[in-house]
Amino acid sequence: MTLVDELGSAVPAAWRPALAAVRREWFIPDRMWVDLGDGHVAVDRAAEPDRWLRAVRSDRAIITQWDDGATVWPDTGAHATCSASQPSVVAGMLDALDVHEGHRVLEIGTGTGYNSALLAHRLGADGVVSVEVDPVLADQARKRLVAAGHPVRVVTGDGADGWPDAAPFDRVIVTANVMLGQFPDVWIEQTRPGGAVLAPLGTTLTSGPLVRFEVGEDRTAVGRPVPCYVDFMELRAQRRPIAPWPSDDGDGDSGTTRVRPWELFHLDPLWTIALRLPGCHWRHQPPVGDRGRHVLWLLDPQSGSWATASYGRHAGAGPWPVRQHGPRRLWDEAEAAYRWWDDQGRPPVDSWRFTITPDAQAVELG
Ligand SMILES: C[S@@+](CC[C@H](N)C(=O)[O-])C[C@H]1O[C@@H](n2cnc3c(N)ncnc32)[C@H](O)[C@@H]1O
């Protein structure tokens, strides 16, 4: 089965020829990692050729690098630092980019080179420039693109600088997560008025929407989420190392909540909470053993504050126990943000609007 067969109706008509012609297997290293539903497994093409090809032609992300290359196959590292993104996401992003013949596109995050090749199939190799921060990955992608007949210019450098030498572009596509409030406005500067920048946004708490910014004559970019759920690795300089998670050794203040704790962590309310709790992280600890409980944690590494809310395997009717520690009352803050979201009529994540000017980056309910 080919990848196009596998994706079926998820392939936008305009991208079907490119996805059929450009084989994903040309861009995937012989040794890679794939999550087959139960954690990442290391697959070697030489040892398991059928399994390798099935994984590459499936709608799954393929991890090609851990920990900037410090973790070597077959070990699995702490942070996936390069992947060939899930093909349905690749297709959805290309569709949302809305390119037309003659367009020139800047891609940030070359990775394997697969997405660059798809763009080049449609626009010609001269129509695409791609920037990759990791020199090893950039070099491999460059070679694969040449071998595939799509010799896109791959620049080794920090994509946060864009690529002024070939600006302005009609489109910029960012295939790494951009931290809200730290959007490199050179991408707007390097896009012609009337053009667009497509980027996945996130905060420390959670990844957020994929946003399509339209660039105005006055260099203001107005962004609206597109309906394509994405979860990318961060731009390298925006990675936030988090402090080790604390343990609740009894020094938190006890209380209760009547809001079902797990409801705060669904996509739509979580994004609102993410906007209200900058710098924070969350984690779910599943029950261990017969009598364990689910524990939801919030952590602010800067102030050392943490909060937990817990519930049993059969969640029951509440109230549910809450513990909070440190100068910030994180559960109270998160619950207040949740109640605000509820009062606003439970807006979905794609109701938010983003505005970027040379002086400010704003987000508001649209
Ligand atoms: C999800 S992968 C990109 C997938 C890629 N488009 C493909 O088709 O394989 C993210 C890539 O962004 C790169 N990256 C991270 N930060 C970057 C930065 N500041 N500038 C350029 N590339 C960056 C990573 O090294 C990684 O290769």
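Okay, here's what the table says:
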quantity	calculated
Selected residue (only one of V129, V146 is more than 10 Å from the ligand (Cβ to nearest atom) and not in a helix (DSSP H, G or I))	V129
Odd one out for V152, checked against (1) surrounded by fewer than 22 Cβ atoms within 10 Å (Cβ to Cβ); (2) in contact with a Ser or Thr (Cβ under 7 Å, 6 or more places away or on another chain)	(1)
Candidates A141, A120, A91 - the one that is buried (at least 21 other Cβ atoms within 10 Å of the Cβ), near the ligand (Cβ under 8 Å from one of its atoms), assigned by TED's automatic domain parsing to the domain that holds G37 and in contact (Cβ under 8 Å) with a residue 12 or more places away in the chain	A141
Candidate set: segment 94-117, residues that are charged (D, E, K, R) and under 18 Å from A199 (Cα atoms); chosen: the one nearest to the ligand (Cβ to nearest atom)	E107
Some residue of segment 208-217 being of a type in the set (F, W, Y), within 16 Å of the ligand (Cβ to nearest atom) and in the same structural domain as A167 (by TED's automatic domain parsing)	no
Candidate set from segment 35-71 (those that are at positive phi and assigned to a helix (DSSP H, G or I)); member that is farthest from the ligand (Cβ to nearest atom)	D67
Some residue of segment 247-267 being assigned to a helix (DSSP H, G or I), under 28 Å from P348 (Cα atoms) and among the basic types (K, R)	no
Every residue from segment 78-96 that is closer than 14 Å to A117 by Cα and touching a Gly at 6+ places or on another chain (Cβ under 7 Å)	A84
Selected residue [touching a residue at least 24 places away in the same chain (Cβ under 8 Å), in a helix (DSSP H, G or I) and away from the ligand (no atom under 16 Å from the Cβ)] from A274, A243	A274
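The values are calculated or read from the model by the stated rules, or taken from the named source; none is laboratory data. Source: prediction; values computed, not measured. Quick reminder, even Gly has a Cβ in these numbers, built from the backbone with ideal geometry, and neighbours come from all protein chains shown.
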